[in-house]
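The structure appears below as structure tokens.
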Amino acid sequence: MSRLPSPILVTGASGLLGTAIVLRLTADGAHIDGLSNRTPFPGTHTLDLEAPEAMARVAALPWEAIVHCAAFRSPDFCELEPVRARLLNALVPERLATLAAERGAPLVHISTDYVFDGTHPPYRETDAPHPINTYGATKLEAEQRVQAAHPGAAILRVPALYGQPPAPIPSPLVDDAVRNARDPAAPPQDDVIVRFPTHVADVARVAAWLLEWRLAGIFHASAPTPCTRYTFTCEVSQLLMGSSAHIPRSDFDPQRKAPRPVNCQLATAKLAAAGGPVPRGYRDYLPGILREHERRSGAV
């Protein structure tokens with residue numbers, strides 16, 4: 001029998017991670033109240049969390065736990081819109097944490113590896129954060145505000161994510177690699193920034209585990225296999241096209257609005273020691289994801 005609280009409020013329920021969490025918790029027997037700007041699932045509520053009336057609407061719902069996924073995740077957007085980024089990424093989580101604490105409800109807040117500067121990986125939960133862009137700074141502020149408002153909350157840091165979301169929700173890491181694999185004139189792919197792509201289904205299992213055992217504090221959930229955008233695209237191209245010779249490599253950090261850490265690998269020893277479900281590497285999932293991608297596109 002499931003030990004999950006129910007109903008569970010999931011914010012960002014129409015996003016890549018949010019949909020995976022909704023599916024996982026539903027499969028585990030929980031009733032879900034999803035919040036999103038889109039409504040791909042029955043019973044999902046449309047709510048702009050930036051709106052002044054948002055918290056009153058959240059408080060009126062009969063949830064017994066929260067998984068908070070909603071955020072501005074584009075570092076470049078956050079660099080250009082720091083006020084909005086701080087509102088949604090830092091202040092809204094604090095308000096949700098306050099509501100959860102008042103109700104005595106567990107909260108899982110999704111954070112990011114970008115709270116670190118990427119210079120001394122792998123990072124443990126006890127290592128001092130040092131973000132180098134606005135996105136990371138707002139997410140770190142959120143962690144601090146959430147823990148102050150709700151000491152029983154769990155903070156779940158995750159790296160770059162991918163998965164097999166229901167249409168029409170994108171999985172940008174995979175979608176971009178597939179598009180470039182099929183393009184004989186593909187643009188150069190970054191071979192500098194190291195990522196640890198992690199399947200959203202694995203993150204959803206960790207979130208469910210945290211709720212089931214009512215755990216508090218900071219946890220890292222990351223797959224162990226590193227790649228760059230170049231090496232990931234090459235692997236996708238090898239699987240789809242039989243060759244990656246047409247994929248050009250870029251040996252410099254692409255100039256974007258926001259700087260990116262070079263390597264923010266998250267250590268998962270704490271998760272493993274606690275008996276949690278440690279995510280698997282992307283090579284375990286990629287062949288199946290690409291077969292489904294091809295089936296949906298009608299290529300096979």
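The values are calculated or read from the model by the stated rules, or taken from the named source; none is laboratory data. From a predicted model like this one, the values you see are computed outputs, not experimental measurements. Every residue, glycine among them, receives a Cβ derived from its backbone with ideal geometry; neighbour counts consider all protein chains shown.
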Please determine whether any residue of segment 4-24 is buried (at least 22 other Cβ atoms within 10 Å of the Cβ), under 15 Å from Leu211 (Cα atoms), within 20 Å of the chain's Cα centre (by Cα) and free of Cβ contacts under 8 Å to residues at least 24 places away in the same chain. yes
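Could you pull out the residue among Ala71, Ala90, Ala101 that is hydrophobic (A, V, I, L, M, F, W, C), in contact with a Lys or Arg (Cβ under 8 Å, 6 or more places away or on another chain) and farther than 20 Å from Val22 by Cα?
Values: Ala71 fails: farther than 20 Å from Val22 by Cα; Ala101 fails: in contact with a Lys or Arg (Cβ under 8 Å, 6 or more places away or on another chain).
On inspection, the qualifying residue turns out to be Ala90.
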Mind telling me which of the residues Arg260, Arg295, Arg256 ends up being in a helix (DSSP H, G or I) and either under 30 Å from Ala85 (Cα atoms) or free of Cβ contacts under 8 Å to residues at least 24 places away in the same chain (or both)? Arg295
For segment 144-162, name all the residues that are surrounded by fewer than 23 Cβ atoms within 10 Å (Cβ to Cβ) and over 15 Å from the mean Cα position of the chain (by Cα). Gln144, Arg145, Gln147, Ala148, Ala149, Pro151, Gly152
Condition first: under 18 Å from Gly12 (Cβ atoms) and at pLDDT 95 or above. Can you find one or more residues in segment 115-134 that meet it? no
Restricting attention to segment 11-67, which residues are of a type in the set (Lys, Arg) and either modelled with pLDDT under 95 or farther than 26 Å from Leu173 by Cα (or both)? Arg38, Arg57
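Conditions (1) at pLDDT below 95; (2) farther than 25 Å from Ala269 by Cβ; (3) in contact with a Pro (Cβ under 6 Å, 6 or more places away or on another chain); (4) not in a strand (DSSP E or B), marked per residue:
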position	(1), (2), (3), (4)
Ile169	yes, yes, no, yes
Val203	no, no, no, yes
Ile218	no, no, no, no
Pro224	no, no, no, yes
Tyr230	no, yes, no, yes
Glu235	no, yes, no, yes
Ala245	no, yes, no, yes
Taking the conditions exactly as written (farther than 23 Å from Val158 by Cβ and of a type in the set (Lys, Arg)), does Arg103 satisfy them or not? yes
Condition (residue is buried (at least 18 other Cβ atoms within 10 Å of the Cβ) and of a type in the set (Asp, Glu)) applied to segment 33-52: is it met by at least one residue? yes
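Out of the residues in segment 268-285 that are among the basic types (Lys, Arg) and assigned to a helix (DSSP H, G or I), state the one that is surrounded by the most Cβ atoms within 10 Å (Cβ to Cβ). Write out each step before concluding.
So the first thing to find is which residues in segment 268-285 are among the basic types (Lys, Arg), and the list is 270, 280, 283.
Then drop every residue that is not assigned to a helix (DSSP H, G or I), which leaves 270, 283.
Working: Lys270: 15, Arg283: 13.
Per the criteria, the residue is Lys270.
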Could you please let me know if Arg157 is at pLDDT 95 or above and under 16 Å from Lys270 (Cβ atoms)? yes
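Considering only helices (runs of 4 or more DSSP H) fully contained in segment 40-147, which possess at least 1 residues that are touching a His at 6+ places or on another chain (Cβ under 6 Å)?
Details: elements: 54-59, 75-80, 82-86, 92-103.
Result: 92-103.
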Counting only residues in segment 66-116 that are closer than 22 Å to Ser222 by Cβ and of a type in the set (Val, Ile, Thr), the one surrounded by the most Cβ atoms within 10 Å (Cβ to Cβ) is identified as Val67
